[in-house]
Amino acid sequence: MYAAPAPALPAAPRIRGGGVIGQRTWSEGRNTDKGVVMRSLFAVLILLVAVQAFAYDANETIWNSPDGSYLAPVPGPVYSWERVTLYNNGPVWNAVYGTYLESILQSVTLGMGTYGFGHAISGGYRMADDFVVPAGETWDIQSITFFAYQTNATTNPSTFTNYVVQIWNGVPGVGTVIWGDLTTNRLTGSVWSGVQRTLENTHATNRPIFANTCSVPVQLTAGQYWVDWACAGTLASGPWAPPIAILGQAVTGDAYQYNPTTLTWGPANDGGTGLPRQGMPFIIEGAIPTPVEAATWGGIKALYR
């Protein structure tokens with residue numbers, strides 16, 4: 001959870017060794033089984049290529065991702081930042097460049113290296129971050145908007161098709177899931193946020209960040225909660241979750257990422273200098289219901305006005 005407000009909007013399968021090449025040993029069948037050997041080696045090569053193609057990186061970084069390119073925006077709906085919210089976990093963007101906003105990865109000034117964190121449903125990765133319902137309040141949450149991108153997507157239409165969401169009453173893996181599941185698609189809307197994820201020295205436009213709004217109809221009383229989520233899109237890249245972006249600041253929160261290999265949650269750390277921990281931007285919308293006592297008394301007084 002990041003306490004500072006968001007900036008104001010400006011005007012494979014494993015390959016096992018020891019496979020049988022033929023009915024005879026290599027020395028016995030070197031003249032007659034060469035075709036079998038070559039076909040087997042070719043099959044192994046194809047399988048290795050397939051494994052690599054379907055491998056899923058935990059994160060997209062400046063070391064494993066393609067260089068930024070420049071794609072013209074496609075006309076379409078854009079997320080409105082002028083809205084009344086219950087909670088905002090931190091800024092998605094930290095700069096303005098031309099006609100759009102930027103989430104700058106500060107790879108030069110701060111030595112950071114992670115564009116976005118993997119949280120594809122198909123890959124088994126998930127993200128989680130916390131929020132607090134203040135003492136004395138009850139929140140009727142209606143929706144939560146998460147932010148993600150797929151490299152080389154255009155700004156319209158959205159490539160996102162599915163979101164799964166859970167809410168915990170404690171740190172994921174330690175607390176208990178009190179709402180949601182990992183099967184129901186909660187996505188109700190997805191539009192370009194007006195933000196591009198880029199480097200401070202490129203201003204590339206091939207990582208448009210989308211605002212993905214999910215239906216989360218739940219009432220929560222005062223306390224600390226963790227929301228965890230994963231998503232799916234139509235492109236091969238990611239999807240990737242861009243962290244909170246603050247100029248001049250490397251550590252931005254205390255998010256977690258779920259590792260499907262170790263079956264554990266771990267800190268969502270940037271891969272650059274010092275491995276600074278990151279927070280994830282998300283926006284909660286809903287209402288704070290009027291206490292029953294106040295509503296009833298207000299109704300009684302209205303009868304005598």
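The values are calculated or read from the model by the stated rules, or taken from the named source; none is laboratory data. Note that the coordinates shown come from a computational prediction; the quantities given were computed from them, not determined experimentally. Note: ideal-geometry Cβ built from the backbone for every residue, glycine included; neighbour counts use all protein chains shown.
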Quiz item: In the range 200-218, which residues are of a type in the set (D, E, K, R) and either under 24 Å from residue 186 (Cβ atoms) or at pLDDT 95 or above (or both)?
Solution: 207
Quiz prompt | Residues located in the range 129-152, provided they are surrounded by 23 or more Cβ atoms within 10 Å (Cβ to Cβ), over 18 Å from residue 177 (Cβ atoms) and aliphatic (A, V, I, L, M) | solution = 148
Quiz prompt | Candidates 96, 74 - the one that is of a type in the set (A, V, I, L, M), assigned to a strand (DSSP E or B) and surrounded by 12 or more Cβ atoms within 10 Å (Cβ to Cβ) | solution = 96
Quiz prompt | Test: residue 83 is crowded, with 24+ Cβ neighbours inside 10 Å and under 24 Å from residue 219 (Cβ atoms) | solution = no
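Taking the range 155-190, which residues are of a type in the set (Val, Ile, Thr), farther than 19 Å from residue 263 by Cα and part of a loop (DSSP other than H, G, I, E, B)?
155, 159, 184
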Quiz item: List pairs: first in the range 242-270 and assigned by TED's automatic domain parsing to the domain that holds residue 225 and farther than 21 Å from residue 131 by Cα, second surrounded by fewer than 21 Cβ atoms within 10 Å (Cβ to Cβ) and β-branched (Val, Ile, Thr), Cβ under 8 Å, 6+ apart or cross-chain?
Solution: 248/109
